[in-house]
1. Efficiency by 1/(1 + (r/R0)^6): what FRET value for Ala49 and Arg185, r their Cβ-Cβ distance, R0 = 35 Å, to the nearest 0.05?
2. With n ≥ 4 as the cut-off for DSSP H runs, can you work out [θ] at 222 nm for the chain, using -39500 (n - 2.57) per run divided by the number of residues, rounded to the nearest 500?
3. Setting aside same-chain residues fewer than 8 positions from Lys61, which aspartates and glutamates have a Cα under 12 Å from its Cα?
4. With Cβ to Cβ distances under 14 Å as the rule, what net charge do the other residues near Gln137 carry (K, R +1; D, E -1)?
5. Taking the simple approach of a point 7 Å from Cα along Cα-to-Cβ for both Arg178 and Ile33, what is their distance in nm?
6. What is the distance in Å between the Cα centres of the range 45-117 and the range 142-194?
7. Where does the charge balance sit around Ser77 when Lys and Arg score +1, Asp and Glu -1, over other residues with C-beta under 14 Å from its C-beta?
8. With a length cut of 27 Å (Cα positions projected on each helix's long axis) and a Kyte-Doolittle mean of at least -0.5, go through the chain and give me the DSSP H helices that pass.
Amino acid sequence: MVSAAALLAAALTGGCAATDDGALGERLRAHAIAGDFNAIAVTNIRCNAATEACAKSHAVKGDACLRLAIQQPPDASLRDSRVQALLDCAERGYRKALALQPDRGARSRTSYHGGLLLTLSERRNRMDNVGAQQLHQQNEKLLIATRDTRREAPDSALGFLYGASAHLYRTTLRPPDRERCNDLRQAEAMLKRSPAPPHALADEHRRMRSLVQRQLRENDCPPQRSI
């Protein structure tokens, strides 16, 4: 699946940027500069105005919660209340930022979408001892979010890479049949259609393309028909 470390570098909004013109913005900025993400994570963001500054404040909190979630031990699952709370916080922050950002064409929306995709992926990957249906539901939630990202940010590789990742993950929940091949072909198509990824994701893009090709061979998927 997509590397969390690489996407953390490529997707997050950057906590040191300005958030608003008041005391809240100064507080968040100071905590971010100091690397005190715990302090940001527990900050109550009451701003609900449809402004760039208000959206940014929620995204900065989302960033902090996501960073802390990713720092948890690799074997810490959603059964850990700390992991669950951090990922819930991150998802709320990014969804709130997207809802309050007044400019649908703002570049910041791409980073908000990227943070949300990474949050949903991290939640899915930390689900432990659950049934295939729950994994499928969480993966579908991620897949829907990738469609929103591709629609709003078609020039970003994030929606394509995460879309390919979600289709690849779905193959692990299916028996080796034609449906698995359909998902692999969709992943292949997304990676081909993807804009050039940022430097931090270039290796990940190549790795995923190689993985898809290997899985197509191992599952004896028929070749695509030429039109």
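Read-outs: derived from the displayed coordinates by stated rules, not from any lab. Bear in mind the structure is a predicted one, so any value in this text is a computation, not a measurement. For neighbour counting, all protein chains shown are included, and Cβ atoms are generated from backbone atoms with ideal geometry for every residue, glycine included.
1. The value I calculate is 0.20.
2. One gets -22000 deg cm²/dmol as the mean residue ellipticity at 222 nm.
3. Within the straight-line limit of under 12 Å, Lys61 reaches these aspartates and glutamates: Asp36, Asp88, Glu91.
4. Net of charged neighbours comes to +3.
5. 6.2
6. Between the Cα centres of the range 45-117 and the range 142-194 lies a distance of 22 Å.
7. In short, +1.
8. Result, helices passing both filters: 81-100.
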